[in-house]
Amino acid sequence: KRARNLDTMLATNQALAIADVRNFDGWVMLTPNDWIRSALGAPVRIGGEINGFLLLYSAAPNTFQPYQTARLQAFADQAAIAIENARLFQRVQALAITDSLTGLLNRRQFFHLASQEVERAARYQRPLALVMMDLDHFKDVNDTFGHTAGDVVLEELGKLFRRSLRKIDISGRYGGEEFIFLIPEASLERARQLAERLKDDIAEHRFHTPNGTVHITASAGVAAPIEGRATLEALINAADQALYAAKAAGKNQVAVSE
């Protein structure tokens, strides 16, 4: 049960001083806060909405008076500015490393993190694999349903990939309708199985766009490090060649680089 002081501040959008909570109608006396006798509170307002409260309590009655509400509200307003600035900073940081449409890593950040992971796997001799995936005939989606529909497809794909991949997997939008996934601690066969599952999920999914329901397929190439192919660039080239083979073989399938 919420205390009436919070309801009052929500209703009035104003700070509130309570000289004695025992004389305040609706105050909820709960253990272990039954020591409170006086209270001062101010709403933390961000973007015109109340996002929280700044609260002060005292064990003595009459500690807080109405004239103190303006000062506390000033502190609450400063707290709101600091919170909003922190949120904006997080958004800017996220935009710097992620693709705004899919929510996956952008190409630059993918290369940064994936290079470190490839080096770690080589140093400790841990398994690793890479998947390149490209949508089949995506241009037809844009031509038939419009670019807005194409954006919806890409956005939904980003959600699908994030649901299907582990937290340790590194996923990015490589460019256009092409995606790239680095799978740590995975054999070539496990990565192939993952690529097959993603391919099937895409084929079975119905993308509901403003201009109609879109059905699309994808092809994928899978590669793992071998002698002479231990760098990220070498892995990408091998997976890309396998992807080309999957496309040449009829699309909507997975090919593995030997």
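Key figures for this structure:
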| item | result |
| --- | --- |
| Dipole of the stretch 30-149, positive direction: furthest Cα of Val131, Thr69, Phe89, with charges on the beta-carbon | Thr69 |
| Label-to-label distance, nm, for residues given as His147 and Leu101 (7 Å Cα→Cβ offset) | 0.9 |
| Probe 1.4 Å, accessible area per residue of the stretch 156-254, Å² | 47 |
| Projected label distance in nm at Asn211 and Asn13, using a 7 Å step from Cα toward the beta-carbon | 4.1 |
| The stretch 77-227 shape via C-alpha gyration tensor axes, a/c threshold 1.5 | oblate |
| Surface accessible to a 1.4 Å probe, per residue, for the residues of the stretch 1-147, Å² | 61 |
| Relative contact order for the chain, counting Cα pairs under 8 Å that sit 6 or more residues apart, in percent | 15 |
| Accessible-area value, Asp143, 1.4 Å probe, nucleic acids and ligands omitted, Å² | 100 |
| Probe 1.4 Å, all protein chains present, accessible-area order of Lys159, Lys199, Lys247, largest first | Lys159, Lys247, Lys199 |
| Listed residues His208, His215 arranged by accessible area, highest first, probe 1.4 Å | His208, His215 |
| Calculated Rg and Dmax of the Cα atoms in Å (choose from (i) 40.1, 125; (ii) 27.7, 82; (iii) 24.0, 70), label | (ii) |
| Estimated 222 nm signal from helices in the chain, with DSSP H stretches of n ≥ 4 weighted -39500 (n - 2.57), rounded to 500 | -15000 deg cm²/dmol |
| Percent carbon-and-sulfur accessible area, the stretch 8-119, ignoring ligands, DNA and RNA, probe 1.4 Å | 55 |
| Percent carbon-and-sulfur accessible area, the stretch 152-258, ignoring ligands, DNA and RNA, probe 1.4 Å | 47 |
| Within the stretch 34-66, backbone nitrogen closer than 15 Å to the virtual label 7 Å beyond the Cα of Glu84 toward Cβ | 43-52 |
| Inter-label distance for Leu6 and Ile46, nm, one decimal - labels placed 7 Å from Cα along Cα-to-Cβ | 1.7 |
| Two-site FRET efficiency, Lys139 against Arg163, from Cβ-Cβ distance with R₀ of 35 Å, rounded to 0.05 | 0.85 |
| Reach of Lys167 by Cα under 15 Å, taken over aspartates and glutamates that are not fewer than 8 positions away in the same chain | Glu117, Glu185 |
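The values are calculated or read from the model by the stated rules, or taken from the named source; none is laboratory data. Here the structure is a predicted model, which means the values were calculated and not measured. Counting neighbours? That spans all protein chains shown, and the Cβs are built from the backbone with ideal geometry, glycine included. Accessible surface areas use protein heavy atoms only, side chains included; no ligands, DNA or RNA. Shrake-Rupley method; radii C 1.70, N 1.55, O 1.52, S 1.80 Å.
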